[in-house]
Ligand code: B12
Ligand code: SF4
């Protein structure tokens with residue numbers, strides 16, 4: 001097995017990284033690509049992880065497979081462009097695959113429409129065969145250690161990853177809740193059969209969690225990195241408090257052995273799980289805070305119960321959201337962040353006003369950080385994507401690759417319906433204008449903005465000139481999509 005040619009796992013450039021410069025923009029440890037590389041290596045393949053944020057793709061002499069990571073729908077267009085280029089350059093003998101969360105919501109047929117002839121990388125059997133690995137020997141994602149892949153990275157690259165903010169750390173996967181707009185791995189109710197596909201949060205094995213975390217901290221210490229800003233992968237940090245507590249003990253031990261490195265962590269949580277843990281297992285929150293948790297981002301996603309109910313986000317109530325934000329600040333003394341993903345189709349002026357009111361009140365009262373985003377409805381992997389009545393929309397997304405750029409959650413909404421667009425963009429602007437906002441809004445290149453929109457946006461955000469006619473330099477400067485690989 002293996003050694004009959006190399007496999008490259010490629011992390012694409014961040015879509016807003018500056019075009020002609022690879023020193024800063026977008027550099028961030030890619031845990032998904034690193035993990036699939038580690039799993040293939042465990043199965044006997046000769047694998048190298050390359051990251052286009054660090055340097056352009058370099059093709060070895062004997063290449064058998066290149067597998068490209070698609071982090072979210074926003075990367076579909078750059079991935080398609082790269083595919084065309086690679087097919088031409090590499091010829092038919094080198095296999096090309098696409099994998100990662102950004103392609104997992106497509107049917108086989110849709111995947112082939114976007115990447116004709118490419119391999120579906122999220123299927124272990126297909127990928128292992130192409131890479132020359134033994135699929136039975138590949139460790140599972142919960143058992144695999146990333147150390148062998150991290151060791152391949154030069155000190156220079158490793159330090160760049162460690163100095164980045166965030167340093168993503170894979171700890172758990174999956175969420176039991178059922179929010180209909182969500183494209184992460186979560187419980188889904190089939191809209192036609194009403195059948196529930198239950199998902200539970202699952203942690204990586206404590207042994208690999210400990211060895212990987214220790215490796216990162218100790219190598220950071222050796223290379224003189226003073227601080228790590230870890231971003232935990234959990235979709236709902238307090239969903240399984242016993243496991244989180246176990247992790248807190250691991251971090252505590254590692255920090256004690258390495259006091260030279262300050263380890264800070266942040267994670268996302270539902271207000272419901274946080275309050276449940278606060279009531280029944282407060283020692284879990286205390287311990288993870290002692291271990292370095294310094295911020296929790298709450299998925300508030302609105303501000304009125306009617307809309308939460310309509311989109312299946314029944315775990316949220318105004319009371320538990322307010323309680324969670326206040327408790328984070330007042331009892332545990334750490335930073336609450338309010339994540340507001342707004343703009344479901346059921347949204348009304350009333351519900352959007354309620355969101356702004358909720359946000360203003362909480363920011364004023366608790367000095368919470370505000371993180372607004374604009375939802376793009378009907379993405380692959382959501383029930384909406386599969387519904388018959390939405391197939392004209394699905395087909396238009398598949399036929400016009402540029403539109404995938406619109407799916408970025410920090411991008412202004414660009415749909416043609418001016419009423420919906422104005423409604424949500426106006427609220428997005430109000431949330432962005434709240435004190436403590438950290439979201440940088442972006443303009444996407446797929447639609448020409450009207451003069452009035454340009455004027456309005458420029459007035460609100462002086463120094464930024466939204467337009468879809470951009471030079472490469474402007475792409476970097478204005479945070480507008482750059483598809484360089
Ligand atoms: C860390 C993280 C990031 C980091 C990414 C660093 C990086 N380059 O990888 C940062 C902060 C940069 C980031 C950004 C974004 N993210 Co993000 N992110 C996460 C987060 C919290 C954890 C991911 C992680 O570490 N998982 C652990 C790894 C090991 O699991 P995994 O990614 O599923 O990987 C497994 C498989 O998918 C597969 N796989 C993964 N990559 C590859 C590659 C190949 C080639 C193959 C074959 C297989 C493969 O193998 C892995 C092991 O089995 C997840 C939430 C979550 N918990 O999943 C969201 C998540 C992945 N992000 C998401 C999104 C949408 C984004 C954005 C595109 C959001 C936006 N602005 O629109 C942006 C990118 C913006 C931009 N313009 O570029 C979505 C993706 C949804 C989807 N199904 O498409 C998620 C699930 C969040 C969510 N709740 O919706 N993100
Ligand atoms: S709580 Fe978060 S991760 Fe879980 S289903 Fe809802 S949006 Fe998705």
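What to note about this one:
- Fewest neighbouring Cβ atoms within 10 Å first, the residues 284, 28, 321 line up as 28, 284, 321.
- Measuring between their Cα centroids, segment 137-163 and segment 295-322 lie 36 Å from each other.
- Once you reduce segment 332-371 and segment 100-125 to the center of their Cα atoms, the two points are 36 Å from each other.
- Gain on full stretching of the segment that runs from residue 123 to residue 262 - 0.36 nm per residue minus C-alpha separation: 46.2 nm
- Ranked list, fewest to most other Cβ atoms within 10 Å of each Cβ, for 300, 209, 135: 135, 209, 300
- Relative contact order for segment 147-478, counting Cα pairs under 8 Å that sit 6 or more residues apart, in percent: 13
- Helices in the chain, meaning DSSP H runs of at least 4 residues, each add -39500 (n - 2.57). Divided by all residues, the mean residue ellipticity at 222 nm is -12000 deg cm²/dmol.
- Shape call, segment 6-137: gyration tensor on alpha carbons, a/c limit 1.5: rounded
- Relative packing of peptides 230-243, 393-406 - highest average C-beta neighbours within 10 Å first: 230-243, 393-406
- Segment 188-261 and segment 374-428 have their alpha-carbon centroids 32 Å apart.
- Burial ordering of 74, 189, 94, fewest other beta-carbon atoms within 10 Å first: 189, 94, 74
- Beta bridges from DSSP with both residues in the chain: antiparallel share about 10 percent, rounded to the nearest 5.
Every number here is computed from the coordinates shown, using simple stated rules; none is lab data. Worth saying up front: this structure is predicted, and the values here are computed from it rather than measured. Ideal geometry is used to build each Cβ from the backbone, glycine not excepted, and the neighbour counts take in all protein chains shown.
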